[in-house]
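Here's the structure, in structure tokens; my notes come after.
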Amino acid sequence: MKKQLLYGIGLLLAGCLGMMQAAGRQAPAADLRIEGLRCEYATDPIGLDVRSPQFSWRTESQRRGVLQSAYQIVVARSQEELAQDNGVWNSGRIESSRSAGIRYEGPALSSKERYYWKVRVWTTDGGQSDWSAAGSFEMGLLDEKDWVSDWIAYVPGKPGRIIYFKGTFCQQKEVEKARLYISGLGYYEMYINNRKVGDHVLDPAQSSYDKRVYYASYDVKDYLSQENVLLVAVAPGWYGMPKLRMQMEIAYTDGSATTLTANHLRAVTTGPTVYSTVFDGELYDARLEAPDIYKPFVPAG
């Protein structure tokens, strides 16, 4: 009788232990969250010129000791395709604890194309997360032929001065998407309707200009109105003379599109910021303030 009782207690304890282990392996989806989706170390970046961008994410759980054991990534051209797991690349389940530096390994990505991606993970205790919320990334100008703009340079007779390139354009249509690709040598700042574009300073980054020149990409849809004044201040910097290359690609809701290039900024003037250098700082002359510089067609352009 005693042996049977001990045997029964043993079976009960073994059953309880097994249930506890099974419960630990079946982490509910709500307990696992995928956060912090980044592509090339940025959230929803635009203007990528890395042909095989890398992904990263963060796994969060209320429980301690939860470790990733595998992941799956899907990349698609639209959110509809992404929701159906029908994209340009599906990694399948990859047995790995890595959650950073995961390279895209699908077909070649297209210039200026926007892509959407998501990820889910499995954990060492048998848990599986839901799909993450969608992230996105947009490619930049991957090939030289994607540039339709020429370089324009300073007007002779103003050596060493900061040059303001200006243009005005009008539009009557509703804008769906607007992208700006720009580089100014040595350094530049761009304004649209008296608003500085972006928060960069001393752009572009330093490089060997005979080998490589960097550019920046911006979403400028919210900067535009029916009448638009484009103003780019360019300092000679390390290059030695102001030089500008810019193109703005605008898509409208009616399906039409237009492209503005540096050739539209043929009005050239000077302003209150006279000189600007890395070592000697900036010379600003308030007597040269000219509010009209932000007005359309003043000077004509």
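The values are calculated or read from the model by the stated rules, or taken from the named source; none is laboratory data. A quick note: this is a predicted structure, and the numbers were derived from the prediction, not measured. Please note: Cβ atoms are built from the backbone with ideal geometry, for glycine as well, and neighbour counts cover all protein chains shown. Please note that ligands, DNA and RNA were not included when accessible areas were found on the heavy atoms of the full protein model with its side chains. Shrake-Rupley method; radii C 1.70, N 1.55, O 1.52, S 1.80 Å.
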Carbon + sulfur, % of accessible area of the stretch 206-301 - ligands and nucleic acids excluded, 1.4 Å: 50 percent
Rough spin-label spacing in nm, given labels placed 7 Å along Cα→Cβ, for W147 and K196: 2.5 nm
Size of charge dipole - the stretch 122-239 - debye, nearest 20, with Cβ of Lys, Arg +1 and Asp, Glu -1, no other charges: 680 debye
Nonlocal amide H pairs with I102, under 5 Å, H built at 1.01 Å: F55
Efficiency of FRET between I94 and A290 - r from beta-carbon atoms, R0 51 angstrom, step 0.05: 0.30
Whole-Å semi-axes of the chain's equivalent ellipsoid (Cα gyration tensor): 56, 20, 17
log10 of Debye I(q)/I(0), alpha-carbon scatterers only, for the stretch 104-259 at 0.16, 0.17 Å⁻¹: -0.99, -1.08
Helix-derived mean residue ellipticity, 222 nm - over the chain, DSSP H n ≥ 4, -39500 (n - 2.57), to 500: -3000 deg cm²/dmol
Per residue, in Å², the accessible surface of the stretch 137-261 once ligands and nucleic acids are set aside, probe 1.4 Å: 46 Å²
Unit charges on C-beta of K, R, D, E only; dipole of the chain, Debye: 900 debye
Residues of type aspartates and glutamates that K295 reaches as a straight line, Cα spacing below 14 Å, ignoring anything fewer than 8 places off in the same chain: E227
Cα-based helix-to-principal-axis angle, 2-25 vs the chain, degrees rounded to 10: 10 degrees
Length-normalised contact order for the chain - Cα pairs under 8 Å, 6+ apart - percent: 17 percent
Of K166/K211; K112/K166; K112/K221, those spanning more than 23 Å from alpha-carbon to alpha-carbon: K166/K211; K112/K166
